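What follows is calculated from the coordinates using simple rules that are stated; it is not laboratory data. Since the model is a prediction, treat every value here as computed from it, not as a measurement. Here the Cβ is made from the backbone with ideal geometry for all residues, glycine too, and neighbour counts use every protein chain on show.
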Amino acid sequence: MREAKFSTSSALRGRHWRPRQHQIHHQMNQFQQPHLPIPEQLIVSEEGSFAYFTFTQRLPVIIERVIAENNFSPSVVERLKTLAQDILHGLIRPLEDDKGADVAAWATYVEPFIGKPWVDTPFYFAETYFYRRILEATQYFSSEAEHRIDPFELQKRLSLETVMDSVRTASIQLKNLNSVYSHRDFSWKKTLTNLLYLDLWGNRADLSLHPQAAGKFDRECLEIHREQRHVLLDDTNLVVNKISNFHKSRIDFLVDNAGFELINDLFLGFFLLASHAAEIIYLHLKSHPTFVSDAMVKDVNYTLNFLANDSEKDVQDIAISLQKYIADGRLRLIDHPFWTAPLFFWKMPDLLRQDLAQSDLVFIKGDANYRRLIGDCHWPFTSIFQDIVCYFPAPLTVLRTLKSELIVGLQQNQVEEVSREDSQWLTNGQWGVIQLVAR
């Protein structure tokens, strides 16, 4: 993977000292949305930006790996190579010769951008469109569901094998915790605190950014106390105190990556179910492959089977317990086409919004979900998080490591200090946030 060679200094100046003129998106008025005026979206063509780096450097490499790791026909390989050229020189078009159930929806999504160069479109739209075009090129939807080829399957499975030493270490804190489960005492809160930090730093292991580094990041995640100073916004104590009052509640996870991060989601879910803080947990997963390592229902099932056959009994026991929770209906794996759409969360369908409104707490995992939560827009870094996410239908906690050039809720002195310490702080995954909006 090529090392990033972009600068965030211009973004800092433009966004923090002289914010862009706010632009209200009138087409969103029919939806509940942030209280604040919504700024312009990040555009791919902003040279020196992470968006521009993504399209000129990262995405072509992702296509190369898809070709190398799958035994696709020559015609599929040719389509993928054409896609690699299109992202830099081609124009936006509707999906063609594609049998996906979302084709009609995508016709609506691309309509405002038909005939425009990819680089002149909003970053989140273009990135989501890219991954959907990979499925078009590989004819993902041409086979029956059980025979579909996930172009990122090999990467996701190999990443599991590289992190098992860390998984075994993490499983130790969930061993023999019957007394901890029964009493919401210091030990219970300490275990939950550690699991939250572990789940946050598990978000570093993103195969679209660091395809070779899963083993490196999982070892760093275990160094919880050393990493704590890298949590720029830390509501962990508030989250722990809130959950400590839960009894047989409903908790939801908007899941991000398969691999080590998903395992940490599952370990956290196991703790919450075993201690009856949660009676039921919903894992909201992607309905088709996207963003390389984003987790689908099949990835959860594969991961649990993989863990259930591990050499370490503690890992086996946790996996088998989670499989039993699935069988009993206490852990529910669900997907929805909205989670793979190029839409921000304030455009969530009413039925999905109403369902999430039943949750006592929603964990929103990862960078892409954060981008959708606040809009992939040029917010000043000091914007008030709660005023932006006021539309969300339930209490929420964000667990996110920074991998894109947006964040809100900071103080000006924080921005200046972290910028001096790390020029790539916005995008290198070394800094994180745990943000609670309790309602």
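Distance distribution note for the stretch 97-206: the fraction of Cα pairs above 23 angstrom is 57%. Among residues other than Val103 with Cβ under 14 Å from its Cβ, the summed charge is -2 (Lys and Arg +1, Asp and Glu -1).
What distance in nm lies between label points placed 7 Å from Cα along the C-beta direction at Ala107 and Gln424? With each label placed 7 Å out from Cα toward Cβ, I get 4.3 nm. When the Gaussian network model of the chain links Cα atoms closer than 10 Å, the mean-square fluctuations of Leu195, Leu83, Leu283 top out at Leu83. Using a cut-off of 22 Å between Cα atoms, the listed pairs Lys99/Lys298; Lys189/Lys313; Lys175/Lys365 include Lys189/Lys313; Lys175/Lys365 as exceeding that distance.
Let me make sure I get this right: for the stretch 153-437, a, b and c are the square roots of the gyration tensor eigenvalues over alpha carbons, sorted descending. Under 1.5 in a/c it's rounded, otherwise prolate if a/b > b/c, else oblate. Which is it? Taking the square roots of the gyration eigenvalues as a ≥ b ≥ c, the stretch 153-437 is rounded. Using the Karplus relation 6.51 cos²θ - 1.76 cosθ + 1.60 with θ = phi - 60°, the per-residue 3J(HN,Hα) values for the stretch 42-55 come to 5, 10, 4, 6, 6, 4, x, 8, 5, 4, 5, 4, 4, 7 Hz, with x marking Gly and Pro. Comparing Leu426, Leu268, Leu352 in a Gaussian network model of the chain where C-alpha atoms under 10 Å apart are linked, the largest mean-square fluctuation is found at Leu352.
For Asp102, no residue 5 or more places off, or on another chain, has a built amide H under 5 Å of its own. Mind running the shape call on the stretch 268-416? Use the C-alpha gyration tensor, a ≥ b ≥ c as the square roots of the eigenvalues: rounded below 1.5 for a/c, prolate if a/b tops b/c, oblate otherwise. It comes out prolate by the Cα gyration axes.
Within the listed set Ile92, Ile281, Ile364, the Gaussian network model of the chain (springs between alpha-carbon atoms below 10 Å) gives the highest mean-square fluctuation for Ile92.
Helices in the chain that qualify as membrane-span-like (whole DSSP H runs, Cα extent of at least 18 Å along the helix axis, mean Kyte-Doolittle hydropathy of 0.0 or higher) are 74-89, 186-202, 260-274.
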